[in-house]
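Worksheet: one structure, shown below.
No lab work stands behind these numbers, since they all come straight from the coordinates. Just so it is clear, the model here is predicted, and its values are computed rather than measured. Note: ideal-geometry Cβ built from the backbone for every residue, glycine included; neighbour counts use all protein chains shown.
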Amino acid sequence: MVQDESEALYSSMPQRAADLVPAARRLRCADMGPVIGEIVAGFGPPPDEVAVPEPWEPDDPMSDVTTDELGAPPAGFGCPSCHGALFEIQDRPAPRFRCRIGHAWTAQTLLDEQSDALEGALWMALRSLEEKAALSHRLAISAQERGSDVRAVRYAEIASETHEASRTIRGLIVRMAELNDGTRSGDFA
């Protein structure tokens, strides 16, 4: 059973699951519970005889989970949600990642989140560069009107260099969007 892609936050997640299990039924989340109940009805001992382990409560400040207890090596990446260290859980066909407090990521969803964060940072850089170029241009005009030619030339140089940097960032944003379109459509494992 796989979540219907149309209601998923990241459509690549259910798409990847459906690719791995072609026979899986695609259902809305609201419809999954009853279907799971029908599937498991009659299997195993009655619910009151099943030993349920105590769940680890990620918000419990007393539950210190160490790297050894997590059983996975550090991945070298930060968690997109809490910015804590991620640990790589070796899994087939692709690794999964988990932070100490329990946020879990497939390789694809982690890549998607990193791409979103990078795009946001690039847009912020572009806005900052364009504002700096505009302010430098105004200062150049003001300096020239006051007869301060040396300052006017310097401010004009700053405006020109900053404008060129903003063009580079804008080109990078376009290129990153093209790359993201390919990875979010499930082209990569």
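Which of rounded, prolate or oblate describes segment 111-184 when judged by the alpha-carbon gyration tensor and an a/c cut-off of 1.5? Prolate shape, in that a/c is at least 1.5 and a/b is the bigger ratio.
Database remark: amide H of Ala75 closer than 5 angstrom to the amide H of Leu86, Phe87, Glu88 (H placed geometrically; neighbours at sequence offset of 5 or more, or on other chains; Pro and chain starts carry no H).
Here segment 105-150 is assigned +1 on the Cβ of each Lys and Arg and -1 on the Cβ of each Asp and Glu. Its dipole about the Cα centre then comes out at about 320 debye. Here the 3J(HN,Hα) profile of segment 145-153, calculated from phi with Karplus coefficients 6.51, -1.76 and 1.60 at θ = phi - 60°, is 5, 8, x, 9, 5, 4, 5, 4, 5 Hz, Gly and Pro shown as x. The modelled label-to-label distance between Ser81 and Arg146, using points 7 Å beyond Cα along the C-beta direction, is 5.3 nm. Under the combined filter of DSSP loop state and at most 15 neighbouring Cβ atoms within 10 Å, segment 89-189 retains these chymotrypsin sites (Phe, Trp or Tyr not before Pro): Phe188.
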